[in-house]
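The values are calculated or read from the model by the stated rules, or taken from the named source; none is laboratory data. Computed from a predicted structure; not experimentally measured. With ideal geometry, Cβ positions are generated from the backbone for all residues, glycine too; neighbour counts draw on all protein chains shown.
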Amino acid sequence: MLLRSPRSPGVRPTTDRVRSALFNMLASYGLLEATVADLYSGTGSLGIEALSRGAAHADLVEADRKQVEVILENLTTTKLAARGTLVHATVERAIERLSGPYDYILMDPPYTKPFPTDVVTRVGELGLLAKEGIAVVGHASRVAAPESCGRMSRWDDRRYGDTSLAFYSVASEETET
């Protein structure tokens, strides 16, 4: 799948290697008919990949106006626009309005920003992740992903060169005490 990806400061599309590894993992949990949120969408590659692998719907959140146009073009080109909703807002503002719960919440924030601990925490507080859902946060390998963010608990952190993927789920009631 070839997506448009203009060269802009701060835009760093998820590499094919990392995206392939991520979706091979998620496929074992089941993507068919899943609901997905792609936060810090950039080119929309994660949300579009989920849709192309059978997800029922994806909400894509992006703040940059130029990137929003790119995502719309990519959704149209891939013929997946009917199953995707694009939200033009910062992630911090958009998560208050997202409907959830999502089976998967995929985040690949700019590496120029700190790890989005506050966003992961809010995802848990707002109940945006389904009971068995998984939130995946891409981050620079040199940055440590916190073990917990409020109700969200990290259960894996995989490194792919300069990029790492931290996997979170809502902590069970027993582990919260």
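Select from the range 138-165 the residues that are in contact with a Ser or Thr (Cβ under 6 Å, 6 or more places away or on another chain) and assigned to a loop (DSSP other than H, G, I, E, B) and write down the one among them that is surrounded by the fewest Cβ atoms within 10 Å (Cβ to Cβ).
So, considering only residues that are in contact with a Ser or Thr (Cβ under 6 Å, 6 or more places away or on another chain) and assigned to a loop (DSSP other than H, G, I, E, B), the one surrounded by the fewest Cβ atoms within 10 Å (Cβ to Cβ) is Asp162.
Residues Ala135, Ala94, Ala56, Ala37: which one is surrounded by fewer than 17 Cβ atoms within 10 Å (Cβ to Cβ) and hydrophobic (A, V, I, L, M, F, W, C)? Show your work before the answer.
Details: Ala135 fails: surrounded by fewer than 17 Cβ atoms within 10 Å (Cβ to Cβ); Ala94 fails: surrounded by fewer than 17 Cβ atoms within 10 Å (Cβ to Cβ); Ala37 fails: surrounded by fewer than 17 Cβ atoms within 10 Å (Cβ to Cβ).
Unique residue meeting the criteria: Ala56.
Just wondering, is there one or more residues in the range 156-165 that are under 22 Å from Glu96 (Cα atoms) and in contact with a strand residue (DSSP E or B) (Cβ under 8 Å, 6 or more places away or on another chain)?
In the first step, residues of the range 156-165 are kept if they are under 22 Å from Glu96 (Cα atoms); the result is none.
Scanning the range 156-165, I find no residue that is under 22 Å from Glu96 (Cα atoms) and in contact with a strand residue (DSSP E or B) (Cβ under 8 Å, 6 or more places away or on another chain), so the answer is no.
Filter the range 77-105 down to the residues that are of a type in the set (Ser, Thr, Tyr) and under 13 Å from Ser41 (Cα atoms) and list them by number. Write out each step before concluding.
Within the range 77-105, the first condition is being of a type in the set (Ser, Thr, Tyr), and the residues that meet it are 77-78, 85, 90, 99, 102, 104.
Hits for the range 77-105 are Thr85, Thr90.
Determine which member of the set Ala50, Ala58 is assigned to a strand (DSSP E or B) and either under 23 Å from Leu31 (Cα atoms) or more than 16 Å from the chain's Cα centre (by Cα) (or both).
The conditions single out Ala58.
Determine whether the range 68-89 contains at least one residue that is more than 25 Å from Leu32 (Cβ to Cβ), surrounded by 21 or more Cβ atoms within 10 Å (Cβ to Cβ) and at pLDDT 95 or above.
No: zero hits.
Restricting attention to the range 166-177, and to residues there that are among the β-branched types (Val, Ile, Thr) and not in a loop (DSSP other than H, G, I, E, B), which single residue is nearest to Leu106 (Cα to Cα)?
The first filter runs over the range 166-177 and keeps only residues among the β-branched types (Val, Ile, Thr), leaving 170, 175, 177.
If we keep only those that are not in a loop (DSSP other than H, G, I, E, B) as well, we get 170, 175.
Numbers: Val170: 15, Thr175: 24 Å.
Only one residue tops the list, namely Val170.
Going by the conditions given, is Glu96 in contact with a Leu (Cβ under 9 Å, 6 or more places away or on another chain) and under 28 Å from Ser153 (Cα atoms)?
In short, yes.
Kindly establish whether Lys113 is of a type in the set (Lys, Arg) and in a loop (DSSP other than H, G, I, E, B).
yes
Would the range 84-95 turn up any residue that is assigned to a loop (DSSP other than H, G, I, E, B), closer than 26 Å to Glu69 by Cα and touching a residue at least 40 places away in the same chain (Cβ under 8 Å)?
Looking through the range 84-95, at least one residue is assigned to a loop (DSSP other than H, G, I, E, B), closer than 26 Å to Glu69 by Cα and touching a residue at least 40 places away in the same chain (Cβ under 8 Å).
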